[in-house]
Amino acid sequence: MLPGLVTDQRLFHAPIAGLSGLTTVTVADLTTYDDLQKLAQSAIDQAPTHRFVLAGLSMGGYVAMEIMRRIPDRVAGLILMDTSPHADTVQASENRRTMMRLAEDNYDMVIRTMLPKLLHPDHLNDPAIADTVIAMAHDIGTTGFCTQQKAIMSRIDSVPSLAEIRCPTLVLCGRDDVITPVAIHEEMRDAIPNAALRVIDHCGHLSPMEQPLAVTDALQHWLTHTLLPQESSR
Ligand code: MLT
């Protein structure tokens, strides 16, 4: 599993526990390179050596799409959560530069500014969710934040390669995700030949934390009813 900006394995706490009877989950460290190509290679280096199911959320999804271009035959199934195949617009990159400058002076303020975009309004004051996001962001720190933002800015447009993805794919997002809205996930579902879409109600951008049961259930259901039957008939 590949986490998003300023998050780590805590983002996937619920699915990791829920899927433990079905599979072993490992979470890659995506804090080390400020270049998405290098980040993808580092995630490959951290991945199991045999075939595996690849899941990425947001920035983790950007990395997953690059991995699909590099080692498609190693990936048995793909899960793209709350992410986008599009490269940054000029404005989006400019906003990231502003946030990086701000982070050098006042990283706390950057975290406070990001929080309402990351979470559904009803989850902003839920300490179990919001405090965990703040703790993850602090642990990744200003340097990690800036490294990840630079890596995100360096990503290429993945739209042209979506049609090349051959493995079963689950596209999943929160219905109220304002960073990567539902329409982008419908676009990915339509462009990837063997894809299904699940939209999770009452949920923002950090779906596995905001709706842990619904997301875990969706992953479990897709793994058992879609991926495993197709993988065993290969
Ligand atoms: C993330 O959650 O990884 C980020 O919001 C992605 C982005 O800023 O493009």
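Keeping to the range 72-86, report how many residues are surrounded by 14 or more Cβ atoms within 10 Å (Cβ to Cβ) and of a type in the set (Asp, Glu).
Total satisfying the criteria: 1.
Do we have any residue at all in the range 69-84 that's part of a helix (DSSP H, G or I) and closer than 19 Å to residue 219 by Cα? Checked against the condition, which is being part of a helix (DSSP H, G or I) and closer than 19 Å to residue 219 by Cα, the range 69-84 yields no hits at all. Beta carbons closer than 6 Å, at least 6 apart along the sequence or on distinct chains, pair a first residue in the range 95-107 that is over 9 Å from residue 142 (Cα atoms) with a second that is surrounded by 13 or more Cβ atoms within 10 Å (Cβ to Cβ) for 96/149; 96/153; 99/110; 102/110. Screening residue 136 on (1) in contact with an Asp or Glu (Cβ under 8 Å, 6 or more places away or on another chain); (2) farther than 19 Å from residue 179 by Cβ shows it passes everything except condition (2).
Table: residues versus (1) farther than 16 Å from residue 6 by Cβ; (2) under 17 Å from the mean Cα position of the chain (by Cα).
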{"site": "96", "(1), (2)": "no, no"}
{"site": "100", "(1), (2)": "no, no"}
{"site": "108", "(1), (2)": "no, no"}
{"site": "125", "(1), (2)": "yes, no"}
{"site": "144", "(1), (2)": "no, yes"}
{"site": "149", "(1), (2)": "no, yes"}
{"site": "190", "(1), (2)": "yes, no"}
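For the range 53-71, check the following and say yes or no: at least one residue is farther than 24 Å from residue 131 by Cβ, open to solvent by 70 Å² or more (accessible area, probe 1.4 Å), of a type outside the set (S, T, N, Q) and within 16 Å of the ligand (Cβ to nearest atom). Among the residues of the range 53-71, not one is farther than 24 Å from residue 131 by Cβ, open to solvent by 70 Å² or more (accessible area, probe 1.4 Å), of a type outside the set (S, T, N, Q) and within 16 Å of the ligand (Cβ to nearest atom), which makes the answer no.
Taking the condition buried (at least 19 other Cβ atoms within 10 Å of the Cβ), touching a helix residue (DSSP H, G or I) at 6+ places or on another chain (Cβ under 6 Å), of a type in the set (Gly, Ala, Ser) and not in a loop (DSSP other than H, G, I, E, B), does residue 137 pass?
yes
Quick check on the range 98-117. Is at least one of its residues part of a helix (DSSP H, G or I), touching a Ser or Thr at 6+ places or on another chain (Cβ under 7 Å) and surrounded by fewer than 17 Cβ atoms within 10 Å (Cβ to Cβ)? Checked against the condition, which is being part of a helix (DSSP H, G or I), touching a Ser or Thr at 6+ places or on another chain (Cβ under 7 Å) and surrounded by fewer than 17 Cβ atoms within 10 Å (Cβ to Cβ), the range 98-117 yields at least one hit. Taking (1) open to solvent by 70 Å² or more (accessible area, probe 1.4 Å); (2) within 12 Å of the ligand (Cβ to nearest atom); (3) within 30 Å of residue 223 (Cβ to Cβ) in turn, residue 89 satisfies each apart from (3). Based on this model, can you work out whether residue 188 counts as within 16 Å of the ligand (Cβ to nearest atom), closer than 21 Å to residue 72 by Cα and part of a helix (DSSP H, G or I)? Criteria met by residue 188. Does at least one position in the range 167-174 carry a residue that is surrounded by fewer than 17 Cβ atoms within 10 Å (Cβ to Cβ) and away from the ligand (no atom under 16 Å from the Cβ)? Checked the range 167-174: no residue is surrounded by fewer than 17 Cβ atoms within 10 Å (Cβ to Cβ) and away from the ligand (no atom under 16 Å from the Cβ).
When the range 118-134 is limited to residues that are outside any helix (DSSP H, G or I) and within 15 Å of the ligand (Cβ to nearest atom), the one that is least open to solvent (accessible area, probe 1.4 Å) turns out to be 119.
Note down all Cβ pairs under 8 Å where the first residue falls in the range 164-180 and is of a type in the set (Lys, Arg), the second is in a loop (DSSP other than H, G, I, E, B), and they're at least six residues apart or on different chains. These pairs meet every condition: 166/193; 166/194; 175/201; 175/202; 175/203. Going through the range 7-26 one residue at a time, which ones are more than 11 Å from the chain's Cα centre (by Cα) and outside any helix (DSSP H, G or I)? 19, 20, 21, 22, 23, 24, 25, 26 - these are the residues of the range 7-26 that are more than 11 Å from the chain's Cα centre (by Cα) and outside any helix (DSSP H, G or I).
The values are calculated or read from the model by the stated rules, or taken from the named source; none is laboratory data. No experiment lies behind these values; they were computed from the predicted model shown. Neighbour counts run over all protein chains shown; Cβ positions are idealised from the backbone, glycine included. Ligands, DNA and RNA are excluded from the accessible area calculation, which covers all protein heavy atoms including side chains. Shrake-Rupley method; radii C 1.70, N 1.55, O 1.52, S 1.80 Å.
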